[in-house]
Structures are given as C-alpha cells and as structure tokens.
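> Below are the structure tokens for one structure; questions will follow.
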Amino acid sequence: MRQGRPPSDQGVYTISVAAGLVGLPAATLRQYEDKGLVAPARTEGRTRLYSDDDIARLRRIAELSEQGVNLVGIAWILDLQEENARLRRHAAAEEEADRSSSATGPMRGP
C-alpha cells in the first residue's frame, strides 16, 4: 500500500532541509522562530520539524524581507493576512449556509 503526502501542517523537514528549501541559512530560521514568525513542530528530542505550511510561510517571510520589511512589520503583515483568510473562510461558510437554507425553501408554520 502506497501512502500519500503527509498533511501540509505536519512537520517533516529538519532545519537543514528546510533552510535548503527556502534558500536561507539555518541560523535565520532559528531567528525567525525566536521572533515568533514560525513555530515548527518538535520531536521528543527537541529536533525542529518544518511542515509544508511552514516552508510556505518561510518563503513569504523571505519575500517580505527582500522587499525591505523589518521583522516586526513582517509579523504584523502575516497576522493580518491570516485574519483576512479566516474572515474569508467564515464569510464563505455563511454564504454556503444561506444558499443551503434558501434552496430548501421557506419553512412554513403549522
């Protein structure tokens, strides 16, 4: 039986592999973690394990940094983007619920 890819939020990459994937030194990844920009999973032995989601986030951090945004600004931008995504998901779910309830028609009383 062949297994598929792990979930995108499951830590699978060590820091050296993650650093190679994003093109940054491992020390920079540690700095980002110290600043709270990324929170990789940890093994029982405390080895960092980065997920595909972490890799995407690290790439976004690097992109913003290359544009001249400092780490405080990056944290703020990432928080706002996450809140925006959460609000969009919530709005989409409400819209879907509205469509579902209107598809069944109005409820009639006794």
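The values are calculated or read from the model by the stated rules, or taken from the named source; none is laboratory data. Remember, predicted model here, so these are calculated numbers, not experimental data. Glycine gets a Cβ as well: all are built from the backbone with ideal geometry, and neighbour counts include every protein chain shown.
> Return yes when ALA75 is out of contact with any strand residue (DSSP E or B) (no Cβ under 6 Å at 6 or more places or on another chain), at pLDDT 95 or above, farther than 17 Å from SER16 by Cα and not charged (D, E, K, R) and no when it is not. Let's see the steps before the verdict.
Numbers: out of contact with any strand residue (DSSP E or B) (no Cβ under 6 Å at 6 or more places or on another chain): yes; at pLDDT 95 or above: yes; farther than 17 Å from SER16 by Cα: yes; not charged (D, E, K, R): yes.
In short, yes.
> Do the conditions hold for SER51, that is, is it loosely packed, with under 13 Cβ neighbours inside 10 Å and hydroxyl-bearing (Ser, Thr, Tyr)? First the steps, then the outcome.
Working: loosely packed, with under 13 Cβ neighbours inside 10 Å: no; hydroxyl-bearing (Ser, Thr, Tyr): yes.
Against the criterion (loosely packed, with under 13 Cβ neighbours inside 10 Å and hydroxyl-bearing (Ser, Thr, Tyr)), SER51 does not qualify.
> Does any residue of the stretch 57-70 turn out to be surrounded by 10 or more Cβ atoms within 10 Å (Cβ to Cβ), among the small types (Gly, Ala, Ser), at negative phi and touching a helix residue (DSSP H, G or I) at 6+ places or on another chain (Cβ under 8 Å)?
yes
> May I pose another question? Can you tell me which residue within the stretch 47-75, out of those that are under 17 Å from the mean Cα position of the chain (by Cα) and among the β-branched types (Val, Ile, Thr), is nearest to ASP9 (Cα to Cα)?
Out of the qualifying residues, it is ILE55.
> Name the single residue that is surrounded by the most Cβ atoms within 10 Å (Cβ to Cβ) among those in the stretch 1-28 being farther than 20 Å from THR43 by Cβ and either touching a residue at least 24 places away in the same chain (Cβ under 8 Å) or in contact with a Pro (Cβ under 7 Å, 6 or more places away or on another chain) (or both).
Here the residue is VAL22.
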